[in-house]
Amino acid sequence: MTTTENPTAHASGNAATDKFKSERVSSDTSVERAAAIYKDVLGAFAEIIHKHQVTYDEYRVLKQWMIDVGEYGEWPLWLDVFVEHEIEEVHYNRKHFSGTKGSIEGPYYVPDSPKLPAKCTMPMREQDKAAEALIFKGQVTDLEGKGLQGATVELWHADKEGYYSQFAPGIPEWNLRGTIECDDEGNFEITTLKPAPYKIPADGPTGWFIDSYGGHPWRPAHLHLMVKAPGKRAITTQLYFQGGEWVEDDVATATKPELILDPQPNADGVDEVTYNFALDPEA
Ligand code: MBD
Ligand code: FE
């Protein structure tokens with residue numbers, strides 16, 4: 001591999017930042033609300049600085065580190081690992097949802113992945129086929145368990161080395177990404193590979209941050225999903241594997257007991273699992 005093909009934190013960070021920047025985001029926050037939030041943010045800073053008697057050296061290290069995070073393009077990574085789970089929780093609780101639980105989106109979602117039929121195999125390379133196969137099937141329903149017409153399941157996940165297509169070099173654009181169009185009752189049956197535990201890019205400022213407090217950069221093996229159906233609230237979630245490493249100690253604090261799969265070998269000896277998604281009505 002040449003240097004430019006090495007999957008570095010710098011490269012995946014900048015790819016995530018470029019993807020994020022391609023859409024200009026906005027929110028309708030009022031001036032009053034902004035004032036209240038900023039006052040509390042700065043108040044929390046003040047409290048921490050006084051509580052821990054933060055030094056000038058520590059302040060300068062923070063300034064340098066924040067500059068580094070920007071230059072490495074790692075704000076999407078750092079924020080999604082350390083902050084997004086709180087936002088997701090507030091979002092879920094505020095709306096009193098009762099369907100399938102959500103989880104964080106993370107930095108590696110790409111919209112408009114190629115459409116796949118209800119019964120499908122995820123796009124993968126020869127080398128991906130060497131990994132253990134997983135048959136993931138289920139149904140998208142309303143809160144009463146009635147199958148939904150027009151449902152889609154967007155699935156994206158890492159390969160067995162822990163790399164996501166479009167965020168590491170040399171991987172086909174839509175590898176292990178797809179938009180599955182469910183049948184008229186919301187059923188799907190996807191053959192893919194079983195992802196491995198995932199180490200977030202650790203050779204950049206997010207990794208230095210983790211090292212500085214003696215933490216670890218691991219996430220449990222996971223599938224990312226976005227599930228949609230006409231007239232229903234779309235959910236963004238993740239699914240994990242029973243007994244898997246890091247399920248109890250996810251660096252991104254994004255696991256939930258309701259989101260854990262326990263695949264079992266089917267008649268052909270292939271690991272198979274059924275998971276149904278219940279969608280809340282649209283607000
Ligand atoms: C990931 O794959 C991920 O899911 C999160 C939340 C953060 C970094 C990489
Ligand atoms: Fe992920």
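The values are calculated or read from the model by the stated rules, or taken from the named source; none is laboratory data. Since we're looking at a predicted model, the values are computed, not measured. Counting neighbours? That spans all protein chains shown, and the Cβs are built from the backbone with ideal geometry, glycine included. These accessible areas exclude ligands, DNA and RNA; they are computed on the full protein's heavy atoms, side chains included. Shrake-Rupley method; radii C 1.70, N 1.55, O 1.52, S 1.80 Å.
Worth a mention:
- Pick from segment 190-201, criterion open to solvent by 20 Å² or more (accessible area, probe 1.4 Å) and in contact with a strand residue (DSSP E or B) (Cβ under 9 Å, 6 or more places away or on another chain), ranking: nearest to ligand 1 (Cβ to nearest atom): Lys199
- Residue check, Gly43 more than 21 Å from the chain's Cα centre (by Cα) and more than 16 Å from ligand 1 (Cβ to nearest atom): yes
- Cβ pairs under 6 Å, 6+ apart, first in segment 153-164 and in contact (Cβ under 8 Å) with a residue 24 or more places away in the chain and closer than 15 Å to Thr191 by Cβ, second of a type in the set (Val, Ile, Thr) and open to solvent by less than 10 Å² (accessible area, probe 1.4 Å): Val153/Ile180; Val153/Val227
- Scanning segment 98-156 for residues that are of a type in the set (S, T, N, Q) and within 16 Å of ligand 2 (Cβ to nearest atom) yields a count of 2.
A quick yes/no check of all residues on (1) under 21 Å from the mean Cα position of the chain (by Cα); (2) closer than 28 Å to His10 by Cα; (3) at pLDDT 95 or above:
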residue	(1), (2), (3)
Met66	no, yes, yes
Ile87	yes, yes, yes
Cys120	no, no, yes
Arg125	no, yes, yes
Leu134	yes, no, yes
Ser165	yes, yes, yes
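- Here the helices (runs of 4 or more DSSP H) wholly within segment 54-161 that include at least 1 residues being touching a strand residue (DSSP E or B) at 6+ places or on another chain (Cβ under 9 Å) and open to solvent by 90 Å² or more (accessible area, probe 1.4 Å) are 126-129.
- Residue under evaluation Ala16, criteria (1) over 22 Å from Pro111 (Cα atoms); (2) touching a residue at least 60 places away in the same chain (Cβ under 8 Å), criterion not met: (1)
- Condition check for His216: open to solvent by less than 50 Å² (accessible area, probe 1.4 Å) and within 19 Å of Phe136 (Cβ to Cβ): no
- Identity of the residue in segment 165-185, of a type outside the set (D, E, K, R) and in contact with a strand residue (DSSP E or B) (Cβ under 7 Å, 6 or more places away or on another chain), that ends up farthest from Asp112 (Cα to Cα): Cys182
- Of all residues in segment 146-163, those that are closer than 18 Å to Thr237 by Cα and under 16 Å from the mean Cα position of the chain (by Cα) total 6.
- Candidate set from segment 204-243 (those that are touching a strand residue (DSSP E or B) at 6+ places or on another chain (Cβ under 8 Å) and among the polar types (S, T, N, Q)); member that is farthest from ligand 1 (Cβ to nearest atom): Gln242
- Residue within segment 253-266 that is open to solvent by 10 Å² or more (accessible area, probe 1.4 Å), among the hydroxyl-bearing types (Ser, Thr, Tyr) and in contact (Cβ under 8 Å) with a residue 60 or more places away in the chain present: yes
- Trp246 open to solvent by 40 Å² or more (accessible area, probe 1.4 Å) and either within 14 Å of ligand 1 (Cβ to nearest atom) or under 16 Å from the mean Cα position of the chain (by Cα) (or both): yes
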